[in-house]
Amino acid sequence: MKLPRLFLLRGRFWAGFLPWAWLLLFFTLPFALIVDVSLSSPELSVPPYVSPLSLGPDGQLHWSPDATPYRRLRDELGALAQPGADRPYLAAWGNSLGLAALTTAVCLVIGYPFAYQIARSAEVSRQTLLMLVMLPFWTSFLLRVYAWMSLLDSSEVGLINQALLAAGWIEEPLPLLYNSGAVLVGMVYSYLPFMVLPLYAHLVKLDNRLLEAARDLGARPAVIFLSITLPLSWRGIVAGSMMVFIPAVGEFVIPDLLGGGDVMMIGRRIWDDFGPNQDWPMAAAVAVVMVLLLIGPIMLLRRHGRAAPGSLR
Amino acid sequence: MEDRGDAQGDYLRIEGASKRFGETLAVASVTLAVREREIFALLGASGCGKSTLLRLVAGLETPTTGRIVLDGEDLSALPPHRRPTNMMFQSYALFPHLTVAANVAFGLRQIRPHMAPKQIAERVDEMLDLVQMQAYAGRRPHELSGGQQQRVALARSLARHPKLLLLDEPLSALDKKIRQRTQLELVRLIQRVGVTCILVTHDQEEAMTMAGRIGVMSPKGELLQVGTPDEVYEQPACRYTAQFIGETNLLGGRVTGGRLRCDDLPEPLALAEAGRPADGSEAWLSVRPERVRLSRTPVDKADNQAPGTVDNIAYLGSHSDYHVRLAGGRTMIASVPCARWGEDTAPVRGDAVWLSWAAPDGVVLTR
């Protein structure tokens with residue numbers, strides 16, 4: 001039986017090689033390209049930039065980076081103390097972080113009871129409930145956002161407004177769409193499963209006997225939740241929050257479709273610079289800074305997650 | 001140990017408690033009284049409902065019928081966190097994210113009105129001192145051995161001065177060697193604290209070593225018999241108890257002329273006079289292997305005896321178990337001290353031998 005052994009060796013090779021190859025091909029390489037673009041100078045051509053790395057007529061490689069975009073970001077940061085100064089990038093960055101934080105918080109508040117109920121339910125119904133959480137993924141993400149548009153719209157197609165009008169509870173359609181509220185609703189709706197699943201994975205491991213022991217030792221239900229359940233699901237909270245917060249910061253489609261452009265997000269900013277403004281180096285620089293800034297909290301959260309009081313080894 | 005009147009005979013009263021899970025009856029109408037400061041063991045095979053009964057007392061399950069009264073107070077209406085009972089859980093259920101000291105302090109922190117932090121710290125010290133775990137106060141449960149975890153769990157369940165301590169398979173998570181030493185240690189601690197204690201175990205040795213009285217439960221969740229370890233061993237009330245506790249030879253038949261007639265034995269068996277069932281009733285005779293005499297020749301004055309051949313011998317050091325096949329095909333076990341043979345050579349497999357026992361050595365059972 002030579003074949004299985006061969007397969008095994010190959011399998012092992014691919015299992016070790018594939019993730020690294022994938023990361024190299026689809027993360028490291030593109031990221032290096034973006035860094036290259038961010039350090040180049042704008043030019044009216046296709047593509048609209050000149051790479052800082054060039055092959056001179058003497059056959060030597062020349063490195064002539066242009067750090068203008070980074071300088072602009074630094075200047076905005078320097079002008080933080082001045083009231084009224086124009087800081088388009090920092091403002092967009094702040095809006096995005098704020099929205100992502102709010103989305104994460106709301107997802108946590110809604111998702112925790114979800115995950116808790118699923119984890120505490122009978123083993124046979126758990127699979128069904130989990131399936132229900134994942135069910136929205138069976139429809140295209142874009143379709144679901146459009147569905148929200150038709151729900152929230154204030155014209156005749158807006159289902160919620162029409163229902164409220166028909167019930168006689170309101171006389172004028174409510175301005176539900178094209179504001180930050182609509183964006184939050186869309187974000188929470190889209191990202192909730194990413195909070196529920198990691199939370200569930202941690203809560204389902206929670207030993208019921210610990211809760212019984214706490215009850216037996218005189219703890220009321222609220223105390224049990226705060227002193228046993230919550231600390232022991234800490235890693236799930238960290239994991240779920242990361243899964244929601246990080247993609248939420250760069251979210252472009254939901255604010256664009258549901259926000260109607262009244263709140264400038266960092267994703268929108270990058271889109272504008274790549275598109276209408278034709279300032280690729282600036283857009284690339286913002287993207288690079290975003291990645292670097294997100295790596296910080298990820299590392300922090302990871303370490304915190306590991307050393308958390310609730311960590312079960 | 002203490003002299004108390006009959007009024008204290010029922011510090012804890014379980015009155016007709018049943019618990020039904022769907023179609024299965026886990027606890028079948030158990031009535032039981034436990035005395036103050038007593039260590040009482042509920043003994044039964046796994047799945048017999050003994051743990052459920054313990055959980056009914058703790059309030060972790062609600063009885064389907066019946067009630068539980070502790071020290072004159074009906075517990076039925078109280079949720080578990082208000083009951084003056086504390087349980088030491090099987091495999092301990094220590095809080096993994098808390099230190100040893102914080103585990104022990106947990107129950108104390110729930111007491112209302114609040115205890116002063118200094119009082120809590122003192123009580124924790126006292127408890128850790130009791131179980132000799134002061135040196136480990138700052139450790140986490142996963143850094144402790146099984147025996148150490150057991151001691152922390154005990155300290156935690158005693159910290160609140162419970163009126164009743166409930167132990168659910170307290171030592172089943174430990175190695176056999178440590179278990180035997182820990183049994184006596186645990187009894188000493190419980191007696192020193194002076195707490196009334198119900199212990200659940202499937203291990204008859206554990207029950208007999210630790211408990212003052214034992215309640216034997218059937219696989220159907222009924223309480224079959226309550227008695228001291230020697231009572232349940234020497235005077236089993238039914239066949240299940242006789243067979244569950246220790247080894248026994250069980251001979252079934254019908255009572256005829258004051259004797260027990262078994263189909264496969266030539267002679268009807270002589271029965272002790274006390275408690276002899278009426279003629280014609282079905283009965284069983286339980287004879288412990290150590291009560292059966294084994295000899296190479298018939299004995300002069302024996303109430304019961306039967307010839308047979310040695311089928312198998314299990315040498316167990318202090319004694320040997322002889323499996324003897326009788327003429328009718330039945331196999332009986334005779335337990336013989338190894339020192340007994342002296343100069344004589346011990347019988348070997350295939351030898352013809354005689355088994356005999358006195359009528360009072362057999363216990364007559366009717367169920």
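Whenever a residue of segment B:18-40 is under 18 Å from residue B:166 (Cα atoms), its partners that are of a type in the set (Lys, Arg) and crowded, with 22+ Cβ neighbours inside 10 Å, lying with C-beta atoms within less than 6 angstrom and at least six residues away or across chains, give the pairs B:27/B:19. The test for being modelled with pLDDT of 90 or more, away from chain B (no Cβ under 14 Å), in contact with a Phe, Trp or Tyr (Cβ under 9 Å, 6 or more places away or on another chain) and more than 30 Å from residue B:56 (Cβ to Cβ) does not hold for residue A:253. Report whether or not residue A:189 is within 30 Å of residue A:156 (Cβ to Cβ) and either within 14 Å of another protein chain (Cβ to nearest Cβ) or aromatic (Phe, Trp, Tyr) (or both). Considered against the rule, which asks whether it is within 30 Å of residue A:156 (Cβ to Cβ) and either within 14 Å of another protein chain (Cβ to nearest Cβ) or aromatic (Phe, Trp, Tyr) (or both), residue A:189 comes out as yes.
For (1) touching a residue at least 12 places away in the same chain (Cβ under 8 Å); (2) under 16 Å from the mean Cα position of the chain (by Cα), each residue gets a yes or a no:
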{"site": "A:68", "(1), (2)": "yes, no"}
{"site": "A:80", "(1), (2)": "no, no"}
{"site": "A:85", "(1), (2)": "no, no"}
{"site": "A:93", "(1), (2)": "yes, yes"}
{"site": "A:98", "(1), (2)": "no, yes"}
{"site": "A:101", "(1), (2)": "yes, yes"}
{"site": "A:104", "(1), (2)": "yes, yes"}
{"site": "A:108", "(1), (2)": "yes, yes"}
{"site": "A:115", "(1), (2)": "yes, no"}
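When the residues of segment A:215-270 are filtered to those that are farther than 30 Å from residue A:176 by Cβ and of a type in the set (Phe, Trp, Tyr), the one that is farthest from the chain's Cα centre (by Cα) is A:225.
Residues of segment B:55-93 that are at the interface with chain A (Cβ under 8 Å from one of its Cβ atoms) and aromatic (Phe, Trp, Tyr): B:89 alone. Total residues in segment B:210-237 satisfying the condition of being open to solvent by less than 60 Å² (accessible area, probe 1.4 Å) and of a type outside the set (A, V, I, L, M, F, W, C): the figure is 11.
Out of B:288, B:296, one residue alone is open to solvent by 70 Å² or more (accessible area, probe 1.4 Å), modelled with pLDDT of 80 or more and closer than 18 Å to residue B:356 by Cβ. It is B:296. Residues of segment B:137-164 that are within 12 Å of another protein chain (Cβ to nearest Cβ), among the hydrophobic types (A, V, I, L, M, F, W, C) and in a loop (DSSP other than H, G, I, E, B): B:159 alone.
Yes/no matrix, rows are residues, columns are (1) under 30 Å from residue B:123 (Cα atoms); (2) under 12 Å from the mean Cα position of the chain (by Cα); (3) at pLDDT below 90:
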{"site": "B:158", "(1), (2), (3)": "yes, no, no"}
{"site": "B:172", "(1), (2), (3)": "yes, no, yes"}
{"site": "B:189", "(1), (2), (3)": "yes, no, no"}
{"site": "B:195", "(1), (2), (3)": "yes, no, no"}
{"site": "B:237", "(1), (2), (3)": "no, no, yes"}
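Is there a residue in segment B:342-350 that is of a type in the set (S, T, N, Q), in contact with a Ser or Thr (Cβ under 8 Å, 6 or more places away or on another chain) and either farther than 24 Å from residue B:239 by Cβ or in contact (Cβ under 8 Å) with a residue 60 or more places away in the chain (or both)? No, there is no match, as no residue in segment B:342-350 is of a type in the set (S, T, N, Q), in contact with a Ser or Thr (Cβ under 8 Å, 6 or more places away or on another chain) and either farther than 24 Å from residue B:239 by Cβ or in contact (Cβ under 8 Å) with a residue 60 or more places away in the chain (or both). In segment A:161-180, is there at least one residue being more than 14 Å from chain B (Cβ to nearest Cβ), charged (D, E, K, R) and over 22 Å from residue A:109 (Cα atoms)? Looking for residues that are more than 14 Å from chain B (Cβ to nearest Cβ), charged (D, E, K, R) and over 22 Å from residue A:109 (Cα atoms), one finds at least one in segment A:161-180, hence yes. Every listed requirement among (1) more than 9 Å from chain A (Cβ to nearest Cβ); (2) modelled with pLDDT of 90 or more is met by residue B:96 save one, (1). Residues in segment B:322-345 that are more than 21 Å from residue B:248 (Cα to Cα) and open to solvent by less than 40 Å² (accessible area, probe 1.4 Å): B:341 only.
The residue that is nearest to the other protein chains (Cβ to nearest Cβ), counting only those in segment A:200-221 that are in a helix (DSSP H, G or I), under 14 Å from residue A:112 (Cα atoms) and aliphatic (A, V, I, L, M), is A:203.
When segment A:262-296 is examined, which residues are found to be in contact with a Phe, Trp or Tyr (Cβ under 8 Å, 6 or more places away or on another chain) and of a type outside the set (A, V, I, L, M, F, W, C)? A:262, A:267, A:268, A:269, A:273, A:281 - these are the residues of segment A:262-296 that are in contact with a Phe, Trp or Tyr (Cβ under 8 Å, 6 or more places away or on another chain) and of a type outside the set (A, V, I, L, M, F, W, C).
For (1) part of a helix (DSSP H, G or I); (2) modelled with pLDDT of 85 or more; (3) over 16 Å from residue A:204 (Cα atoms), each residue gets a yes or a no:
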| position | (1), (2), (3) |
| --- | --- |
| A:80 | yes, no, yes |
| A:83 | no, no, yes |
| A:96 | yes, yes, yes |
| A:103 | yes, yes, yes |
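Of B:119, B:134, all but one fail to be open to solvent by 60 Å² or more (accessible area, probe 1.4 Å), touching a helix residue (DSSP H, G or I) at 6+ places or on another chain (Cβ under 6 Å) and away from chain A (no Cβ under 14 Å); the exception is B:134.
The values are calculated or read from the model by the stated rules, or taken from the named source; none is laboratory data. Quick caveat, the model's predicted, so the values are computed rather than measured. Please note: Cβ atoms are built from the backbone with ideal geometry, for glycine as well, and neighbour counts cover all protein chains shown. Heads up: the accessible areas ignore ligands, DNA and RNA and are worked out on the full protein's heavy atoms, side chains in. Shrake-Rupley method; radii C 1.70, N 1.55, O 1.52, S 1.80 Å.
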